[in-house]
Every structure is written in C-alpha cells, then in structure tokens.
Amino acid sequence: MTNICAAVEDTLTKARATAIKLRGSAPVLIIVPDRFTLQAEKILMRDTQCLLNVRVITFSMLYNLLSEELKTPVAGATPPLGKGELVLDKTTAVLFTWRAIQAVRTDLVYFNRSVDQYAFAEKMFNTVNQLTSCMADFKNLAKNSNNDVTKRKMQDIQTIHAKYKELTAEYTDGAGMLGWLIDNVGKSKIVKSAHIFITGFEHLSVQRAEVVRGLMQHAGEFVAGARKGSEFEQVLNQIRFEMGNQTAHVAPRETTPPSAPLLKEGEGV
C-alpha cells in the first residue's frame, strides 16, 4: 500500500502509530536525509517511551542493512559490493579519483593540462558522480557525443571513470551503493516484511528515485511524506503513475541529464 503524506511530522506520526500497533511483529524502517536522523528520532519518540523493531535510517544505512542480510546469496541477488559494509566518504573517493587521474594522465586527450591540480580531481569526481546518479551509460559517453570537443571530454571521463572503478573494486562508493540497492531491494526479506516510511527530502537523484520505486513495489507497506509542490512529491507521483501503467515496467526511462555539467579545458590549472 502506498500513501503520500503532506509533511514530515505527519509521516513520523503515522510511523509511530504503525510501530505501536505492530508491537515489534514486523520491522518499521524510516528513511530520512543524512543529518536528519537525530531530529527524526526525537519527533518519533515524542510522548512515547519505547518503540519496538523501529529504525531511522539513511540510504547508506539501508545499504548496510540489506548487504548484511544478503551476504548469503539468495536467488537472483547480487553479492554485496567489495567489503559490503564500507561506503567511501567523499574525501576518500576524491583521493581515489586523483590516483585514477595520475594513472591515466598520458591517455587523456582533453584534460591533460589539469592533471597536476588536486582541485581538478574533486571537480572530476563531482562530474562523474552526477553522471552516475543519473544512471548515464559510461561505455557510450563519447560515442553519443554530438561534437568533437564534447567527444574528447567524454572520452577522458570514460578513461578516468574506468580506472577509478578498478582502483575502488574492493570498496563501495555512494553511487555503487545505490546501484546495488536498485538491483536487490526486491530480493530482501526485510523489505518485503517491512513497513517503510520516507520523508524529509526535497528532491531525489535518478538513482535514489529508482531505489524508491523498488521499495514501493516490494515493501509490505510504503508511506512517503512530501512537501506539497516539491520535486520529491512530483517524483513520487510520477513513479506511482508509471507503476499503475501495465507497460511502465518495460518502458525505458530518460536517465541521462539533458545538460550534464562538464569541466572546461584547463580547469584547475
């Protein structure tokens, strides 16, 4: 069952009422943005001394929970990425991006003048991360480019991204974590038995929206609290509309941003 509430407090109130009614018989998971977990817990526990089998989590905590559950493979499930429980923070991911750039510096055809600047690594990480969150096809970035300058930029991005993935094969970064969730939420017994609430977001990346789609499809109950008129509400309504369409599950979604931010030649120099 899916329901879109009007506000954060409404959603948390519904979550609290559900948890009290269930008395620990089924998990209640509340997904909120990073740095909002403590505030959500305070609202949740207002006028309540104890709630059983309730967790306030973020998307990365959801990954940790499900990757732990699916360490023993089940039919159709993808093994957890790398070390599973370790999701690289941005600082470490940028460092790996820097190492990737240094490893392929002689292969770059457009950004070769920027390779000695560490700031370039952060800008490149941000660009790659946004493309990944939009579920861009890295193997065909250059092929799909419509002019020579863009093609050379995309060729370098492909080269750096491929080396970055090689260097981080033993780890999980934020984009990889979301990609794993997209593929595996439907295999989780926790998800299938859980009452899942999500609130506090203003917008979602394409990857996070696809995770939400999976939760809507497979959770025992799914409740979303969105501010009226927000981008988050629009995304939720679009997913609900597509799920109500019998052909929506086979219709391709537009996953590449119309104008992904690209670094300029020599940026960071």
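Among the residues of the stretch 202-238, which ones are farther than 24 Å from Arg16 by Cα, among the charged types (D, E, K, R) and touching an Asp or Glu at 6+ places or on another chain (Cβ under 8 Å)?
If the condition is that a residue be farther than 24 Å from Arg16 by Cα, among the charged types (D, E, K, R) and touching an Asp or Glu at 6+ places or on another chain (Cβ under 8 Å), then Glu231 is the only one that fits.
Taking Ala103 as the residue in question, decide whether it is touching a Gly at 6+ places or on another chain (Cβ under 8 Å), among the hydrophobic types (A, V, I, L, M, F, W, C), over 30 Å from Val235 (Cα atoms) and surrounded by fewer than 18 Cβ atoms within 10 Å (Cβ to Cβ).
For Ala103, the condition - touching a Gly at 6+ places or on another chain (Cβ under 8 Å), among the hydrophobic types (A, V, I, L, M, F, W, C), over 30 Å from Val235 (Cα atoms) and surrounded by fewer than 18 Cβ atoms within 10 Å (Cβ to Cβ) - is not met.
Does Val235 satisfy being at pLDDT 95 or above and either buried (at least 21 other Cβ atoms within 10 Å of the Cβ) or in a helix (DSSP H, G or I) (or both)?
So Val235 fails the test.
When the residues of the stretch 192-201 are filtered to those that are of a type outside the set (Lys, Arg) and out of contact with any strand residue (DSSP E or B) (no Cβ under 8 Å at 6 or more places or on another chain), which remaining residue is nearest to Arg23 (Cα to Cα)?
Out of the qualifying residues, it is Ser193.
Looking only at residues that are surrounded by fewer than 17 Cβ atoms within 10 Å (Cβ to Cβ) and not hydroxyl-bearing (Ser, Thr, Tyr) in the stretch 139-150, which one is nearest to Gly179 (Cα to Cα)?
Only one residue tops the list, namely Lys139.
Can you list residue pairs whose Cβ atoms sit under 6 Å apart, with the first residue in the stretch 21-38 being in the same structural domain as Ala194 (by TED's automatic domain parsing) and of a type in the set (A, V, I, L, M) and the second being modelled with pLDDT of 90 or more and assigned to a loop (DSSP other than H, G, I, E, B)? Count only pairs 6 or more apart in sequence or on different chains.
Going by the 6 Å Cβ cut-off, the qualifying pairs are Leu29/Ala194; Val32/Gly200.
Out of the residues in the stretch 209-231 that are part of a helix (DSSP H, G or I) and closer than 22 Å to Val54 by Cβ, which is farthest from the chain's Cα centre (by Cα)?
His218
As an exercise: evaluate Met135 against (1) in a loop (DSSP other than H, G, I, E, B); (2) modelled with pLDDT under 85 and give the number of the one condition it does not meet.
Of the numbered conditions (1) in a loop (DSSP other than H, G, I, E, B); (2) modelled with pLDDT under 85, the odd one out for Met135 is (2).
The values are calculated or read from the model by the stated rules, or taken from the named source; none is laboratory data. Just so we're clear, the structure is a prediction, and the values are computed from it rather than from any experiment. Note that we place each Cβ from the backbone using ideal geometry, even for glycine, and neighbour counts take in every protein chain shown.
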